[in-house]
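Scroll down for the structure; my scribbles are underneath it.
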Amino acid sequence: MSTNSIDSLLHESRRFPPSAEFAANAVAKPELYDAAKADRTNFWAEQARELLHWHKPFTQTLDWSNPPFAKWFADGELNVAYNCLDRHVLAGNGERVAIHWEGEPGDSRSVTYAELTAEVKRAANALAALGIGQGDRVAIYLPVIPEAIVAMLAVARLGAVHSVVFGGFSAESLRSRIDDANAKLVITADGGWRKGKVFPLKPAVDAALSGAATSVTNVLVVKRGENDVEWTEGRDLWWHDALAAADAEHEAQGFEAENPLYILYTSGTTGKPKGILHTSGGYLAQVAFTHKNVFDLHPATDVYWCTADVGWVTGHSYVVYGPLANGATQVMYEGTPDTPHPGRWWELIEKYKVSIFYTAPTAIRSFMKLGREIPDKFDLSSLRVLGSVGEPINPEAWIWYRDAIGGGTAPIVDTWWQTETGAIMISALPGVTSLKPGSAQTPLPGIKIDILGEDGTRVDPPQGGLLVVSEPWPAMLRGIWGDPERFKETYWSRFSTEGDYKYFAGDGAHVDQDGDIVLLGRVDDVMNVSGHRLSTQEIESALVSHPIVAEAAVVGAADETTGQAVVAFVILRSDQEKAQTAEEASTILRAHVAEQIGAIARPRQVFVVSELPKTRSGKIMRRLLQDVAEGREIGDTTTLADSSVMQIISDKLK
Ligand code: WTA
């Protein structure tokens, strides 16, 4: 972010205090902060007791005797799926709609808590019949359909561990995730609807499982797209057949609070995605607490909609676990926002009278570009709380969101968190906080955040620094699957000292004159494209895996709509320079990255260059390439081994 825009962010003077009426009916009260301050761990214990059903109550709250490996509520037992399903039915809310699902072509289904519970019981029995039990890993590769939720909860009900892989990832990405977790079972679909067409998923699973022997013994296939699929006898089974053959009754057993719930792969600074591990009790307590308080949820009357795909952490915490633990009614939509028309989302808000809406700044900015006329055609008056997640939301988009979507009155909560944190960490509380555009504002009650300088001392406003979480929190990741050393190294080595462990988030941040936190984006080699995390190194590895490429460097360049965009610089192998034009090479390589990783990683541009800027020790200076990619004056080149390189690159690109 340029110094100029940081400056204006730090001096943002607009304030939006809650109305007296909103504050009077708000779920969150200012006393939450006092309670958490008085006794932080006890505050979380109270939340966990109040919000969850425990098969066996816990007596220990936090065990931090072996940092950075935390245990929360360790001697308690619970069943995550029971908390999301059965207990609501037993409390008399079985007829409440859990999911209003809308398919892209316009087909729809509403599923009550009683129906969802029955479906998950059958699915749990079906999985058990395939040999899935506590601790086994199940890969889930599905579109945004109710079966994705059923599959996740069925796995959780058995005390097994799911690894959801976003449906847009390639066969190769799927395979590496299956291998890393040693998954026994894959749950997929024939296809799903996207942009007016069925995109097939089963062929990617078939490709992923071909070749070297795998840990996978069965593939369950949901029928959604009605497209033809290849079939491997003995391995593949239709989901509907397996469920029909399964018993209807299934009693949920309690598992230890630290029983693993899921692994979710996310990009880090190195080429290989990390399997972030989350466990049960602490995770569920914090997602339920945050979902209820940050979104001001009144479960009997609200209709909530989070637009995230279940393949990302936002889908895990705020489509599946948070809303269902709280007994909320939610909307789930399969397709893209512009199919079959650019007002599709607003049409759904009108149709289902959505009152709480949670989406990403990149979506808001692309709607802003299309103009207000589109949302203006729909009745959005049911909306009363808006949320934002995934990247910083610029004040201009914030104001547009409030005015064009929120009727000029709906509070906006800008929620900062990560795959690793499991749940929201920094956010305003509607009804309590006076809102400020462009700032995530305040750590939630029970969360301790600090901004540190490079030397590890706390910085004073208006200095910027690096964001750390200074105390363990219930939904924190418990590790990187199979790699405890990488876990310690990545998150805990930078600022921890003996006896004082601090989690390094990888984000830069500022504290403004009011003490509010302003997020500035990643400080490492992780890019944020449309709110999706991508690693520069992972894309570089994909590029150099193509035979025409000798060397590659990737940067995230500022982009008006997607926040950042992937821009690649490649040196072709000498025998290739004449074989293709730069334009041909660029087309081939953009497609190659999409095929290797997934369409979300496809570079916006691939520039063919003859040199890359390197220091004397051979490190690529991405900062300089970023200057070129963003059309800026090139920064300091004095540490380059050959300072003329940047001139050559920028001349060529002109
Ligand atoms: C960024 C998504 C600014 C941040 C839940 C973080 C944000 C990364 C915000 C995590 C926000 C997320 N303001 N930046 N409100 N929310 N980020 O793991 O850089 O996909 O480190 O989790 O997104 O991305 P992830």
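A few remarks follow.
- Test: Ser163 is among the hydroxyl-bearing types (Ser, Thr, Tyr) and farther than 30 Å from Glu595 by Cβ: no
- Some residue of region 366-384 being within 16 Å of the ligand (Cβ to nearest atom), in contact with a helix residue (DSSP H, G or I) (Cβ under 6 Å, 6 or more places away or on another chain) and not in a loop (DSSP other than H, G, I, E, B): no
- When residues of region 613-649 are limited to those that are assigned to a loop (DSSP other than H, G, I, E, B) and either at pLDDT 90 or above or among the aromatic types (Phe, Trp, Tyr) (or both), the one nearest to the chain's Cα centre (by Cα): Glu630
- Total residues in region 204-213 satisfying the condition of being more than 25 Å from the chain's Cα centre (by Cα), of a type outside the set (D, E, K, R) and at pLDDT 95 or above: the figure is 3.
- Tallying residues that are of a type outside the set (Val, Ile, Thr) and either assigned to a helix (DSSP H, G or I) or within 22 Å of the chain's Cα centre (by Cα) (or both) within region 535-557 yields 9.
- Thr639 vs. criteria exposed (fewer than 14 other Cβ atoms within 10 Å of the Cβ) and free of Cβ contacts under 8 Å to residues at least 40 places away in the same chain: no
- Test: residue in region 527-549 that is within 15 Å of the ligand (Cβ to nearest atom), touching a Leu at 6+ places or on another chain (Cβ under 7 Å) and either over 29 Å from Lys37 (Cα atoms) or at pLDDT below 95 (or both): yes
- Extreme residue, farthest from Ser5 (Cα to Cα), among residues of region 485-517 that are under 24 Å from the mean Cα position of the chain (by Cα) and aromatic (Phe, Trp, Tyr): Phe487
- Cβ pairs under 7 Å, 6+ apart, first in region 115-140 and touching a residue at least 24 places away in the same chain (Cβ under 8 Å), second of a type in the set (Asp, Glu) and in a loop (DSSP other than H, G, I, E, B): Lys121/Glu249; Asn125/Asp247
- Evaluated against (1) in a helix (DSSP H, G or I); (2) touching a residue at least 24 places away in the same chain (Cβ under 8 Å), Gly92 falls short on exactly one condition, (2).
- Filter pass, Glu489 being more than 30 Å from Leu297 (Cα to Cα), away from the ligand (no atom under 16 Å from the Cβ) and charged (D, E, K, R): yes
- Output for region 581-610, where each listed residue is surrounded by fewer than 16 Cβ atoms within 10 Å (Cβ to Cβ) and more than 33 Å from the chain's Cα centre (by Cα): Thr581, Ala582, Glu583, Glu584, Ser610
- Remark: Val144 falls outside the filter, which requires a residue to be modelled with pLDDT of 95 or more and part of a helix (DSSP H, G or I).
- Subset tally (residues that are in contact with an Asp or Glu (Cβ under 9 Å, 6 or more places away or on another chain) and within 16 Å of the ligand (Cβ to nearest atom)) for region 286-332: 4
- Filtered residues of region 433-445 (kept if of a type in the set (Gly, Ala, Ser) and surrounded by 24 or more Cβ atoms within 10 Å (Cβ to Cβ)): Gly438, Ser439, Ala440
- Residue within region 9-29 that is among the charged types (D, E, K, R) and closer than 25 Å to Ala325 by Cα present: yes
- Ala404 being more than 18 Å from the chain's Cα centre (by Cα) and either within 23 Å of Ser8 (Cα to Cα) or part of a helix (DSSP H, G or I) (or both): yes
- Some residue of region 476-492 being within 29 Å of Arg15 (Cβ to Cβ) and touching a helix residue (DSSP H, G or I) at 6+ places or on another chain (Cβ under 7 Å): no
- Helices (runs of 4 or more DSSP H) fully within region 1-77 counting 2 or more residues that are among the aliphatic types (A, V, I, L, M) and exposed (fewer than 15 other Cβ atoms within 10 Å of the Cβ): 20-25
- Residue within region 504-524 that is more than 14 Å from the ligand (Cβ to nearest atom), closer than 29 Å to Gln580 by Cβ, assigned to a strand (DSSP E or B) and among the β-branched types (Val, Ile, Thr) present: no
- Of the residues examined, Ala552 is one that is surrounded by 21 or more Cβ atoms within 10 Å (Cβ to Cβ) and within 29 Å of Ser173 (Cβ to Cβ).
- Residue selected from region 391-432 under the condition within 13 Å of the ligand (Cβ to nearest atom) and of a type in the set (Val, Ile, Thr), by the criterion surrounded by the most Cβ atoms within 10 Å (Cβ to Cβ): Ile424
- Yes/no for Gly282 being farther than 30 Å from Lys197 by Cα, surrounded by fewer than 24 Cβ atoms within 10 Å (Cβ to Cβ) and more than 17 Å from the chain's Cα centre (by Cα): no
The values are calculated or read from the model by the stated rules, or taken from the named source; none is laboratory data. Remember, it's a predicted structure, so these values are computed and weren't measured experimentally. Because the Cβ atoms are built from the backbone with ideal geometry, glycine has one as well, and the counts that use them run over all protein chains shown.
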